[in-house]
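Here the structure is laid out as structure tokens; the discussion comes afterwards.
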Amino acid sequence: MHTIAMCVDQNYFLPSMVTLASIADASPPADRAASSVRILTKNLTSAQSTTMATFVRRLGFRSFDVAWRQPTPGHTIVHGSYISTTTYLRFNLTPAMTPDPYVVYVDADVLVLGDVFAPLNDLGDAEIGLVRDPVHPTVGEGPALPGVTARWPDLAGQAYFNAGMFWARTATLPRLRRQIDQIMIDDNRHIYFNDQDALNLWALRNGAAVRPVEDTYNTLELSRFSEDGDWVQPIVRRARPRTSPAVLHFAGTAKPWHRSCPSTDGTRVYRRYLSDVTRQAHRLGTVTETLPFEPPAGRASRRAPRLYSGGRSVRFVPRSSL
């Protein structure tokens, strides 16, 4: 009764399979058997699609399909050289693609450690579940949605959400797409964080349709950035979830598949998954060594704080200070 939806381009082929493997590990067999996987892409090859289909079937999900789509003209990338317009395809989901009454959208740079379907239990008929962004939590503070509070002062102080996860009833998808397309025509001057800003403009206009979801279901892995300096520490302290993360999101440029990414407990768990998935992809006949956007190596500083402990099955270790 659930559809897991992802937007994947060729570069994110292996990371998306890591995400799917982690969902399978974190889900009881009955939930996997009741779940479909749908991929939206503009450039996956047929060989990659076939590999993913076999992989998903072996993970125990009910069904798999790929839809090749092109982003709507005008949906452009403003910020983030490592981001492609594939990210906008999340708004191209339709009921025809999703055979189930509920959709869980998942970014291709997350690791699922808990029950990703739980937020659906509290979702109203016309609601979309979103997690507040820990780095830019408030409209009018930071670079997100440039010019919005000057144009509409009453929006200052409203919640700002991360787009890496959302939960919705399938029936709400056509309205979401129509309104996002109109936002990108009328208000693209306020877009900085690409599709995330577009989604937040939608949320600000449809406040009653937003169901806030606990931060554990989209926890940003921030300790990687501690080697860049102490700027991240206040954010880490503010963003620390109250319980173990169900979804660990590797947002930003320092991806765990980069050799230059600092080695935290979270990245080590991710890399074990990546190693397993890469071997399976090779066995299935899709050989690829390409992973997206390896940034130039930067100057290393002090070791990042540890957020994880143990082996492949990990639990969040709360700390009184970081």
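Nothing in this text is a laboratory measurement; each read-out follows from the coordinates by a stated rule. Please read these numbers as outputs of a predicted model, since none were measured by experiment. Positions of Cβ are backbone-derived with ideal geometry, glycine not excepted, and every protein chain shown enters the neighbour counts.
Computed over the Cα atoms, what is the radius of gyration of region 2-217 divided by 2.2 N^0.38 Å, N being its residue count?
Normalised Cα radius of gyration, region 2-217: 0.99.
Test of understanding: ordering Lys255, Lys42 by Cβ neighbours within 10 Å, fewest first, what list do you get? Mind showing how you got there, number by number?
Values: Lys255 22, Lys42 17.
So the residues, fewest neighbours to most, are Lys42, Lys255.
Using the per-residue mean of other Cβ atoms lying within 10 Å as a proxy for protection, in what order, highest first, do the peptides 86-98, 64-76 fall?
Descending packing order for the listed peptides: 86-98, 64-76.
I'd like the distance separating the alpha-carbon centroids of region 141-215 and region 57-102, in whole Å.
After rounding, the separation between the Cα centres reads 18 Å.
Please give the length that would be gained between Thr138 and Ala208 if that part of the chain were fully extended, namely 0.36 nm times their separation in residues minus their C-alpha to C-alpha distance (nm, one decimal).
Value of the extension gain: 23.5 nm.
Calculate, for Ser63 and Arg151, the FRET efficiency according to 1/(1 + (r/R0)^6) with r their C-beta to C-beta distance and R0 56 Å; round to the nearest 0.05.
Efficiency at R0 = 56 Å is approximately 0.80.
Hey, quick one: spin label on Asp181, modelled 7 Å out along Cα-Cβ, who in region 64-88 has an amide N within reach, i.e. under 18 Å?
Counting only backbone N, you get 68-76, 86-88.
From the phi angles alone, apply the Karplus equation (6.51, -1.76, 1.60; θ = phi - 60°) to region 164-177 and give each ³J(HN,Hα) in whole Hz, x where the residue is Gly or Pro.
Once rounded to whole Hz, the list reads x, 9, 8, 10, 8, 7, 4, 5, 7, 4, x, 5, 4, 5.
If packing is taken as the mean number of other Cβ atoms within 10 Å per residue, what is the order of 13-20, 123-130, highest first?
13-20, 123-130
At 0.36 nm per residue, minus the direct Cα-Cα distance, what do Tyr82 and Arg272 gain on full extension? Give it in nm, one decimal, please.
Here the segment from Tyr82 to Arg272 would lengthen by 66.1 nm.
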